[in-house]
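**Student:** Just dropping this structure here.
Just so you know, all these numbers are worked out from the coordinates, no wet-lab data involved. Predicted model only: the values in this text are computed from it and were never measured. Cβ placement follows ideal geometry from the backbone for every residue including glycine, while neighbour counts extend to all protein chains displayed.
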Amino acid sequence: MYDFAYHRPDNLDDAANILKINPEATVLAGGMTLIPTLKLRLANPSDVVDLSAIDSLNVLSVAGEKVSVGAMTTHSDVSTSKELMETIPGLSRLAKGIGDPHVRHRGTIGGSVANNDPAADYPAAVLALNASVNTISRTINADEFFTGQFATVLEEHEIITSIDFPIPRRSAYEKFSNPASRYAIVGVMVADTEAGVRVAVTGAGPSVFRVAKMEEALSNDFSADAIAGITLSADDLNSDIHASSEYRAHLVSVMAMRAVNSALTQ
Amino acid sequence: MADDGIGASVRRKEDQRFLTGKGHFTDDISRPGQVYARFVRSPHAHASIGNIDTSAALSAPGVLGVYTGKDLAEDGVGAVPCGWTITQTNGELWNAPPHEVLATEKVRYVGDQVALVVAETLEQARDAAELVSVEYEVLSANVKLDQASNSDTAQLHESVPNNTCFVWGLGDEEATKSAFNRAKHIAKLDLYNNRLVPNAIEPRVALAERDSGDDSCTLYVTSQNPHLARVILSAFVGLVPEHKLRVVSPDVGGGFGSKIFVYTEECAVLWAAKQIDRPIKWTADRSESFLSDAHGRDHLTHVEMAMDDDGKFLGMRVDTTANMGAYLSNFASLIPTYLHGTLMQGLYTTEAIYCEVTAVFTNTTPVDAVRGAGRPEATYLIERIVDESARIMGLDPAEIRRRNFIPSDAFPYQTQVALEYDSGNYGPALDKALSTLDYKNFETRRANSETEGKYRGVGISSYIEACGLAPSQVIGSLGAGIGQFEAAEIRFNATGNVTVFTGSHSHGQGHETTFAQVASERLGVPIEDIDVVHGDSGRIPFGYGTYGSRSLAVGGSAIVKAADKIIEKGRKIAAHLLEASESDIEFTDGNFTVTGTDRSKSIAEIAFAAYVPHNYPLDEVEPGLDESAFYDPPNFTYPFGVHVCEVEVDADTGEVSIERWVAVDDFGNIINPMIVHGQVHGGIAHGVGQALLENAVYDESGQLLSGSFMDYCMPRATDVPSFEIGQTVTPCPHNPLGVKGCGEAGAIAAPPAVINGIVNALSSLGVTHVEMPATPQTVWQTIQNAKT
Ligand SMILES: Cc1cc2nc3c(=O)[nH]c(=O)nc-3n(C[C@H](O)[C@H](O)[C@H](O)COP(=O)(O)OP(=O)(O)OC[C@H]3O[C@@H](n4cnc5c(N)ncnc54)[C@H](O)[C@@H]3O)c2cc1C
């Protein structure tokens, strides 16, 4: 690591102020991505602003038709929340499949969504469940939020405060993990929502994306058979030592069908 | 003795300190005035080195020295040697280019070291290392094993035409040719034995200190064999005379072979400690371990088996290209030759065998021994071609093995490839494994899996290994630059407790328990009164350390010999004290007794008399009770066994799950069953890792793509089933304990068992081979290819 100043404010205003005064500052949530980056000397922030003392970011509540998850809620808290298991079991199961116990007890939903790793799980849930991302200054709809590989519409230093998930009729996430890291090689979230059936795919492309053809087919007939013949073109998909783009395209179909079956049995 | 002697599952003595965080690993040691080293490593796989500007680094805060290869050369520092000379098929000697401690003209792999920075703190050393500016002229990289020896491939070493280190052969080429001419059936396979990163939990560490008072040096280092390290550092690299160098390898957190070798980093740190006269510590970070710990395997092989109409093996032909990496690591040349070619007989009566190995240099991390070292590669290709032979003959894989096993009455058995198997009895191991698995009813289980949409397969692997390295004269005649006896000293203290000094080294194997059990059984001293000391050239006799499953067979035998000397001397002392004739003294359970009487002295009383020799036969024996012995084995030992696994394949995703694993191993006599089971478990997990998960992959420019645990997949507990472990016992006939060695067996047996299982599962789809690691993508792709 290079030297940096460390801050641990206990309210959002202080956090925002420190960030404003220090243009080279960065926000620290669970540190599961940031700390390794610092240790490998791949980042050199002047200041690190740790959000862990801001209690308002660490809440999970069900209010009417939506579940609101604070940005600092850990994957472990999401996966074990009773309210969530009753309202959006697909989301708690997704959180349960992130990384390993260490990562789940440190990593946060805000950090994951802000980072928009192409292989992260949460972006699929945010997009498929038609969630909205609340920040310190505005609310952003899922369809506008993710813009590309490790890229979002967040402004420099714009802190995510919480994410609101409308409760779907049913939803499920199926993931094919990278055997080494446990990130998604392909993850598919299928959700039957107020806004229609939504299918979001993570891991396969540079950033999370929806599959219109599958959504259409499932709107007419919410069954695995309905999408059995639908395959993605491998052209725009990722390819690496673990999975070629053709293999990823194939896995999207397999995982989507499994997700539909899983949603139907919940 | 039954409670803690030979055959008892004594809890490991060393675990008290390991489980309570009281182990003493190299990085736990800090010396007064200690400073820190950081290496400047090449980011390129292949480049000429131009100017190296160290001025900015030298003036950075806390910096004590910045050194390049030039500085070492000017001081006469030698290259790190490879200790096994190879004579090629054409009668010429191999091409063995030097491995400089710090590269001077060229860098040859990503991670190659070009400079060493020493500073007061580690962070200062890291900061300064970033300030060293090295001019590189990047050259094209040679990373493809199958193209390495082409004349138009980038050439690594000036003295090595076509990057070819050697072409070596073993066996009878003519006889093999004629066997193939007579053959009714020929099976053929092309296989790749994937490259492994050893990944011990503890990274490598070196802490070097000079004592200017007597001009001696101490090197604390994560080594599997401190004396060998001392010889290499003094005689070859020329850093410190042997008598002025103490090498200490304290608790070592796993080695798997990768810590056998003397690495350039250790040499550089030791040299620098002499320059600045401060203790210097270097601790590899995990990224450095991935780049610079010697890797394992990486063989490309074409194999053919010739058979008669009954599926009897008439001849086998093997053509292997072995990757040496960028430089020759200490034993690199040994692995694909005398630890690989010599195993080609397997468990079978194959009448003629010829194995040819071409060793090549590439712009990759040096390759050397990793758990099994050559024997997993041999076993993999043999057991795969045996299954392929069964397939083309339409024979059951178990049946073709039975037909070709060396019969139990044929031992000692002279193989076609130099070794003489001392003992063996293979049929019972196969029978036991198959009956434990309920092989008979496998097809029912296959059908059950099918109803769930899964493909189920069964895979057999029957292996043999040559362990207990090694008869010094034999290996000397084959090119070894070293001997391989083992040493032991048993020192009774005046109060009757015992310290056993061994030249063997434990880095997870449990010597402190097993060796104490051996001494306890022989001497009749309770195990809690015996401590085993290893790993410090300043305390132990000259030994050759631990690798090649040699510790108990060779090191344990040395302990037995030393114990026999103790008893012999004790008998003389007892005869004097008991006023009896020496021939009337019996020794049992720790007591010297006059035959037929109840007059007796305990061994503790004898020890006391030896250290306080008032009433003592001084004209006959010297005071003290302290004996040492060296044991050089007459032959290797030959553990064998049969592993059988059942796998299920999900054809939709290509995922493989291992449902059952039955291992029947023959390690000869067993001292501590619990420890042996632990070694077998770990070995199988290691082998499953190779078969399904682990792969060191380079891109075309020579960057290691699987350079961290995010991409290099180690086996986890959930990747293996609960093992079902059994034994047959065929004692080794030539060592006093009748033991053979067990540390590598699982890693040798497992890969072909897994792959044979997968191929068996997918046979109905027309799949005849799957490459390792059989990752979901590879399996899925193999299924797609078979469909078209
Ligand atoms: C071994 C391992 C395995 C993993 N496996 C998975 C997996 O299977 N699936 C998966 O989805 N993820 C996985 N992860 C990632 C993990 O889930 C974390 O969620 C992720 O690293 C980011 O969350 P964090 O809280 O650790 O964020 P940090 O590392 O603290 O921060 C990440 C980035 O987000 C920014 N940031 C953090 N919080 C906010 C905020 N509230 N507002 C704005 N910006 C913010 C930071 O400045 C930083 O740039 C894995 C990580 C590891 C180390």
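**Student:** How long are the semi-axes of the ellipsoid equivalent to region B:608-718, from square roots of 5 times the Cα gyration tensor eigenvalues, in whole Å, largest first?
**Tutor:** On the way: eigenvalues 535, 93, 39 Å².
Calculated on Cα positions only, the semi-axes equal 52, 22, 14 Å.
**Student:** Separate question: Cα centroid distance between region B:571-644 and region A:202-266, in Å?
**Tutor:** Going from one Cα centre to the other spans 75 Å.
**Student:** Please arrange B:365, A:231, B:337, A:26 by counting, for each residue, the other beta carbons lying within 10 Å of its beta carbon, fewest first. List each step's numbers first, then the result.
**Tutor:** Values: B:365 29, A:231 13, B:337 26, A:26 19.
In increasing order of surrounding Cβ atoms, one gets A:231, A:26, B:337, B:365.
**Student:** Mark the label point 7 Å from the Cα of residue B:319 along Cα→Cβ and return the residues of region B:139-168 whose backbone N is within less than 20 Å of it.
**Tutor:** B:144-153, B:162-168
**Student:** Hey, another quick one. Of A:241, B:451, B:784, which is farthest on the positive side of the dipole of the protein assembly as shown, counting Cα position, with +1 on Lys and Arg Cβ, -1 on Asp and Glu Cβ, and the Cα centre as origin?
**Tutor:** B:451
**Student:** Going Cα to Cα from residue B:440, which aspartates and glutamates come in below 19 Å? Please leave out same-chain ones fewer than 8 positions away.
**Tutor:** Cross-link targets: B:387, B:396, B:399, B:431, B:450, B:646, B:648, B:659, B:724.
**Student:** Report, by chain and number, residues whose modeled amide H sits under 5 Å from the one on residue B:136, excluding near sequence neighbours (fewer than 5 apart, same chain).
**Tutor:** Correct list: B:50.
**Student:** 222 nm [θ] for chain B, helices only, -39500 (n - 2.57) per DSSP H run of 4+, per residue, to 500? Mind showing how you got there, number by number?
**Tutor:** Working: 19 runs with 204 residues, N = 788.
Calculated at 222 nm, the ellipticity per residue is -8000 deg cm²/dmol.
**Student:** If amide H atoms are built 1.01 Å from N in the plane of the peptide, which residues on other chains or at least 5 residues away come under 5 Å of the amide H of residue A:185?
**Tutor:** Excluding prolines and chain starts, which carry no amide H, the hits are A:176, A:177, A:178.
**Student:** Could you calculate the FRET efficiency of residue B:178 with residue B:786 from 1/(1 + (r/R0)^6), where r is the beta carbon distance between them and R0 is 51 Å, rounded to 0.05? Please list the in-between numbers first.
**Tutor:** Numbers: r = 35 Å, r/R0 = 0.69.
According to the calculation, E is roughly 0.90.
**Student:** Counting other Cβ atoms within 10 Å, keep those with at most 13, restrict to DSSP loop, and tell me which trypsin sites (Lys or Arg not before Pro) in region A:169-265 are left. Before the final figure, lay out each step's value.
**Tutor:** Details: sites: A:169, A:170, A:175, A:182, A:198, A:210, A:213, A:248, A:258; in loops: A:169, A:182.
Hits after loop and neighbour filter: A:169.
**Student:** Can you list the HN-Hα couplings for region B:390-405, worked out from phi with the Karplus curve (6.51, -1.76, 1.60; θ = phi - 60°), rounded to whole Hz and with x for Gly and Pro?
**Tutor:** Per-residue couplings from phi come out as 4, 4, 6, 8, x, 9, 5, x, 6, 5, 5, 5, 4, 5, 10, 4 Hz.
**Student:** Just to confirm my numbers, what's the Cα centroid distance between region B:400-458 and region B:705-753 in Å?
**Tutor:** 17
**Student:** How large is the charge dipole for region A:56-265, taken about the Cα centre, if only the Cβ atoms of Lys, Arg (+1) and Asp, Glu (-1) carry charge, to the nearest 20 debye? Can you show the working numbers first?
**Tutor:** Details: 16 positive and 24 negative charges, 119 e Å.
Rounded to the nearest 20 debye, it is 580 debye.
**Student:** Counting Lys and Arg as +1 and Asp and Glu as -1, what is the net charge of the other residues whose Cβ lies under 13 Å from the Cβ of residue A:56? Present the calculation step by step, with values, prior to reporting the outcome.
**Tutor:** Numbers: positive: none; negative: A:10, A:13, A:14, A:55.
The answer is -4.
**Student:** How crowded by other chains is B:774-780, given as the mean number of beta carbons from other chains within 10 Å of each beta carbon?
**Tutor:** Working: counts 0, 6, 8, 12, 1, 0, 7.
Counting other chains' Cβ atoms within 10 Å and averaging over B:774-780 gives 5.
**Student:** What GluC sites (Glu not before Pro) does region B:23-126 have in DSSP loop regions with at most 13 other beta carbons within 10 Å?
**Tutor:** Numbers: sites: B:74, B:92, B:100, B:105, B:120, B:123; in loops: B:92, B:100, B:105, B:120.
Here the GluC sites (Glu not before Pro) that fit, given the DSSP loop and packing criteria, are B:92, B:105.
**Student:** Evaluate peptide B:707-713: per residue, the Cβ atoms of other protein chains within 10 Å of its Cβ; return the mean as an integer. Walk me through the numbers on the way to the answer.
**Tutor:** On the way: counts 0, 4, 2, 7, 7, 3, 6.
Per residue, the average neighbour count from other chains is 4.
**Student:** With a 10 Å radius around each residue's Cβ, average the other Cβ atoms per peptide and rank B:747-759, B:259-271, highest first.
**Tutor:** On the way: B:747-759: 30.2, B:259-271: 26.7.
Most protected by this proxy first, the peptides run B:747-759, B:259-271.
**Student:** Work out, in µm²/s and without decimals, the Stokes-Einstein translational diffusion coefficient of chain A at 10 °C, 1.306 mPa s, Rh from Kirkwood over C-alpha pairs. Kindly include the intermediate steps, with their values, before the conclusion.
**Tutor:** Details: Rh = 18.7 Å.
The diffusion coefficient I find is 85 µm²/s.
**Student:** Another question, then. Net charge near residue B:433: determine it from the other residues with C-beta under 10 Å of the C-beta of residue B:433, scoring Lys and Arg +1 and Asp and Glu -1. List each step's numbers first, then the result.
**Tutor:** Numbers: positive: B:432; negative: B:431, B:665, B:724.
The answer is -2.
**Student:** So for the pair residue A:86, residue B:105, with labels modelled 7 Å out along Cα→Cβ, what separation do we get in nm?
**Tutor:** Label-label distance for residue A:86 and residue B:105, simple model: 7.7 nm.
**Student:** Moving on. Restrict the search to region A:30-113; then list the GluC sites (Glu not before Pro) that DSSP places in a loop and that have at most 14 other Cβ atoms within 10 Å of their Cβ. Please report the intermediate quantities before stating the final value.
**Tutor:** Details: sites: A:65, A:83, A:86; in loops: A:65.
Sites meeting the loop and neighbour criteria: A:65.
**Student:** Students often check this: by mean Cβ neighbours within 10 Å, which of B:763-772, B:323-332 ranks highest, and how do the rest follow? It would help to have the intermediate numbers written out before the result.
**Tutor:** Details: B:763-772: 17.2, B:323-332: 26.5.
Per-residue mean Cβ counts within 10 Å order the peptides as B:323-332, B:763-772.
**Student:** Which of A:23, A:168, A:89 moves most in a GNM of chain A, Cα contacts under 10 Å?
**Tutor:** A:23
**Student:** Taking only Cα atoms and a 10 Å spring cutoff, compute GNM fluctuations for chain A and point out the largest among A:17, A:58, A:238.
**Tutor:** A:17
**Student:** Kindly provide the helix-only [θ] at 222 nm of chain A, computed as the sum of -39,500 (n - 2.57) over DSSP H runs of four or more divided by all residues, to the nearest 500 deg cm²/dmol?
**Tutor:** Values: 11 runs with 89 residues, N = 266.
For chain A, the value works out to -9000 deg cm²/dmol.
**Student:** Straight-line reach from residue B:13: which lysines fall under 19 Å, measuring Cα to Cα and dropping same-chain residues less than 8 apart?
**Tutor:** B:22
**Student:** Considering only Cα-Cα distances, which of the following residue pairs are longer than 29 Å: B:312/B:432; A:175/A:213; B:70/B:259?
**Tutor:** On the way: B:312/B:432 23 Å; A:175/A:213 20 Å; B:70/B:259 27 Å.
Checking Cα-Cα distances, every pair stays at or under 29 Å.
**Student:** Less than 23 Å apart at the alpha-carbon level, and either on another chain or at least 8 residues along: which lysines does that give for residue B:144?
**Tutor:** Reachable lysines: B:106, B:188.
**Student:** Could you calculate the FRET efficiency of residue B:657 with residue A:231 from 1/(1 + (r/R0)^6), where r is the beta carbon distance between them and R0 is 25 Å, rounded to 0.05?
**Tutor:** On the way: r = 26 Å, r/R0 = 1.02.
Efficiency computed from Cβ-Cβ geometry: 0.45.
**Student:** Okay, next question. Just tell me how shielded B:700-706 is by partners: mean number of partner chain Cβ atoms within 10 Å of each residue's Cβ, no decimals.
**Tutor:** On the way: counts 0, 0, 0, 0, 0, 3, 3.
Per residue, the average neighbour count from other chains is 1.
**Student:** Please work out the FRET efficiency for the pair residue B:597 and residue B:620, using the Cβ-Cβ distance as r and a Förster radius of 25 Å; give the result to the nearest 0.05. Write down the numbers at each step before the final one.
**Tutor:** Details: r = 22 Å, r/R0 = 0.87.
Efficiency, rounded to the nearest 0.05: 0.70.
**Student:** When the chain is fully extended, how far beyond the present Cα-Cα distance does residue B:722 get from residue B:190, taking 0.36 nm per residue of separation?
**Tutor:** Details: separation 532, 0.36 × 532 = 191.52 nm, distance 3.20 nm.
Working it through step by step, the gained length comes to 188.3 nm.
**Student:** Please work out, to two decimal places, the log10 of the ratio I(q)/I(0) at q = 0.08 Å⁻¹ from a Debye calculation in which every Cα of the protein assembly as shown carries one identical scatterer.
**Tutor:** Summing over Cα pairs of the protein assembly as shown leads to -0.92.
**Student:** Could you rank the peptides A:122-135, B:569-582 by their average count of other C-beta atoms within 10 Å per residue, with the highest value first?
**Tutor:** A:122-135, B:569-582
**Student:** Can you put A:32, B:344, A:1 in order, fewest other beta carbons within 10 Å first? Don't skip to the answer; put the middle values down first.
**Tutor:** Working: A:32 21, B:344 25, A:1 14.
Lowest to highest Cβ neighbour count: A:1, A:32, B:344.
**Student:** Evaluated at 10 °C with a viscosity of 1.306 mPa s, what Stokes-Einstein diffusion coefficient in µm²/s does region B:521-598 have when Rh comes from the Kirkwood expression over alpha-carbon pairs? Kindly include the intermediate steps, with their values, before the conclusion.
**Tutor:** Working: Rh = 14.7 Å.
D = 108 µm²/s.
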